[in-house]
Amino acid sequence: MSAVLSIIFAAGRGSRMKGYAGNKTLLPLIAGKSLYEGSRPLIMEVLDNLPAGPRAIVVNYHAEEVRRVTRGRGISYIDQPVTNGTGGALLAARSFIASADADRVIITMGDVPLIRSATYCRLLDLLERYDLGLLAFESKDRAQYGMIEMESERVTGIVEWKYWKDFPEERLKANG
């Protein structure tokens, strides 16, 4: 079986994080004096849960701090020139993914420490049968998260919540 390339998105500002000015992937998993101080940054748990293979982190906001915390782990860093969402992060990583010696790629967020190794392995198992495996959830408050557009079992698009205002209402209703 070939190596698995893992790409971690850690470039965003964390616009839903109120009262925190740092990169949300560096929030502590184990709180200390406050919710924003403590140990074990979220991104470290994500890194430890990913399967073996080459890894890259897409950075922008507080990039040097993310690099400092994750240094020494054989990670490549991809600069996202503008914080323009997950689509922009994927575009920033496109050439890195194309040049990697891997036929399977995991793309994950750097602030999802509760996704366990077994879940990533199940996603990889899906890639034995399908071109794409997707882990998502349906939020009760759709106004805070992205929307996956589907036709049958085929993903046709991903729209971040802040761009929903640009979509016709019929399209939004059809997807949720």
Notebook entry, point to check: Pick from Val82, Val69: which is touching a residue at least 24 places away in the same chain (Cβ under 8 Å) and of a type outside the set (S, T, N, Q)?
Noted result: Val69
Notebook entry, point to check: Looking at region 116-143, which of its residues are of a type in the set (Lys, Arg) and under 15 Å from the mean Cα position of the chain (by Cα)?
Noted result: Arg116
Check: Does region 75-134 hold any residues that are basic (Lys, Arg), assigned to a loop (DSSP other than H, G, I, E, B) and closer than 22 Å to Thr156 by Cβ, and which are they?
Finding: Arg129
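Bear in mind that the values in this text are calculations on the coordinates, not laboratory data. Keep in mind that what you see is a predicted model, and the values were worked out from it rather than measured. With ideal geometry, Cβ positions are generated from the backbone for all residues, glycine too; neighbour counts draw on all protein chains shown.
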